[in-house]
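The values are calculated or read from the model by the stated rules, or taken from the named source; none is laboratory data. Bear in mind the structure is a predicted one, so any value in this text is a computation, not a measurement. Neighbour counts are summed over all protein chains in view; Cβ atoms, including those assigned to glycine, are modelled from backbone coordinates with ideal geometry. Accessible surface areas use protein heavy atoms only, side chains included; no ligands, DNA or RNA. Shrake-Rupley method; radii C 1.70, N 1.55, O 1.52, S 1.80 Å.
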Amino acid sequence: MVMRSPAAESVLRLSSRIEILPMVHANGDMAQEVRETLIARPYDCLAVPLPESVSQAVEAAIGDLPTVSVVVLREDPDDDAAEVNPVPDETRTRPSPIASFVPIDPCQGVVMGIRVAMGEGIRRAYLDRDVRNYEPDPIHVPDPYMLKAVSVAAYAAAALPSAARPTPGSQREARIAWMAFRLHELELDYESILALCPVQDWPYVREAYLQRTSYRSPELPVAGPETYRVSAGSFYFVLGELPFITGLYEKRRAELRSDRHLSIDGVKELLLETR
């Protein structure tokens, strides 16, 4: 049983109406934590760190689970890419379009949250700021399996040393300020909001929310989202967990069986199946 400290938990409450849940993407244990939090308390809104432009496509793809797919947002080509391997002017072509994508992965915490909210009739709100070129922000954090023994607040505190402050003027800083603004908007309409937030961003979203940091409006997307099914041969590159483990999570879900320790027990099943 996880012991919770009211003082520690209060750090994750932005106001009487907003509770923040720091999370790691593409992890089955974190997806479980999102699910258990959502069904344990009466929320009337789930706020997720995705831009509004993908909302309809993402929810349609989630409705198609367990079929794995990706929602793709095309981006501006990198004008400098053609200079990496220069070719004669008469044969030079425009760089291929690049894209960012949202994996519709059952072990993705955001996907799990939306999936549960859709099933429970909880309204969804999309917090993130649309950008024309997404800049990824890799981070190394403690293994979310520790959530079996510690609270989310304790886990978030353990991840703080890895949560570097956003660079002034960066895309990350602009996205954080926009998410904080959106939370102020949402609390005008909802009584109880659960806001999912990347674990590296939550202290700065909290800071921006409390300080009412100025924000920049979203950028206009290059194109609308497109949804593609993922072939079985590409599962390993798209899913956060091993495809075999992800399949076990979905099987347990269909059979209404516990999956609390599946991230460990699933590896045992994988070895037995292989043998």
Hits in region 1-22 (condition: in contact with an Asp or Glu (Cβ under 8 Å, 6 or more places away or on another chain), hydrophobic (A, V, I, L, M, F, W, C) and modelled with pLDDT of 95 or more)
I18, L21
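Going residue by residue through region 98-115, is there one that turns out to be at pLDDT below 90 and open to solvent by 30 Å² or more (accessible area, probe 1.4 Å)?
As a first pass, look at region 98-115 and keep what is at pLDDT below 90: 98-99.
Filter again for open to solvent by 30 Å² or more (accessible area, probe 1.4 Å), leaving 98-99.
Within region 98-115 (the criterion being at pLDDT below 90 and open to solvent by 30 Å² or more (accessible area, probe 1.4 Å)), the answer is yes, since at least one residue qualifies.
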For region 197-233 the number of residues that are charged (D, E, K, R) and within 18 Å of A61 (Cα to Cα) is 2
Say whether the condition of being modelled with pLDDT under 90, surrounded by fewer than 21 Cβ atoms within 10 Å (Cβ to Cβ) and of a type in the set (D, E, K, R) is met by at least one residue in region 139-146.
no
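Condition check: open to solvent by 40 Å² or more (accessible area, probe 1.4 Å) and more than 20 Å from A125 (Cα to Cα). Does V267 satisfy that? It would help to see each step written out before you state the result.
On the way: open to solvent by 40 Å² or more (accessible area, probe 1.4 Å): yes; more than 20 Å from A125 (Cα to Cα): yes.
For V267, the condition - open to solvent by 40 Å² or more (accessible area, probe 1.4 Å) and more than 20 Å from A125 (Cα to Cα) - is met.
Every residue, every condition in (1) of a type in the set (D, E); (2) within 21 Å of the chain's Cα centre (by Cα); (3) more than 16 Å from L50 (Cβ to Cβ), yes or no:
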residue	(1), (2), (3)
R172	no, yes, no
A177	no, yes, yes
L183	no, yes, no
D201	yes, yes, no
V205	no, yes, no
Q211	no, no, yes
Y215	no, no, yes
With the first residue restricted to region 169-183 and required to be touching a residue at least 60 places away in the same chain (Cβ under 8 Å) and of a type outside the set (S, T, Y), and the second required to be part of a helix (DSSP H, G or I) and buried (at least 22 other Cβ atoms within 10 Å of the Cβ), Cβ contacts under 6 Å at 6 or more apart or on different chains are M179/V205; L183/Y209
Matching entry among A180, A254, A232 (being open to solvent by less than 30 Å² (accessible area, probe 1.4 Å) and aliphatic (A, V, I, L, M))
A180
Can you name every residue in region 22-56 that is open to solvent by 20 Å² or more (accessible area, probe 1.4 Å), of a type in the set (A, V, I, L, M) and part of a helix (DSSP H, G or I)?
I39, A40
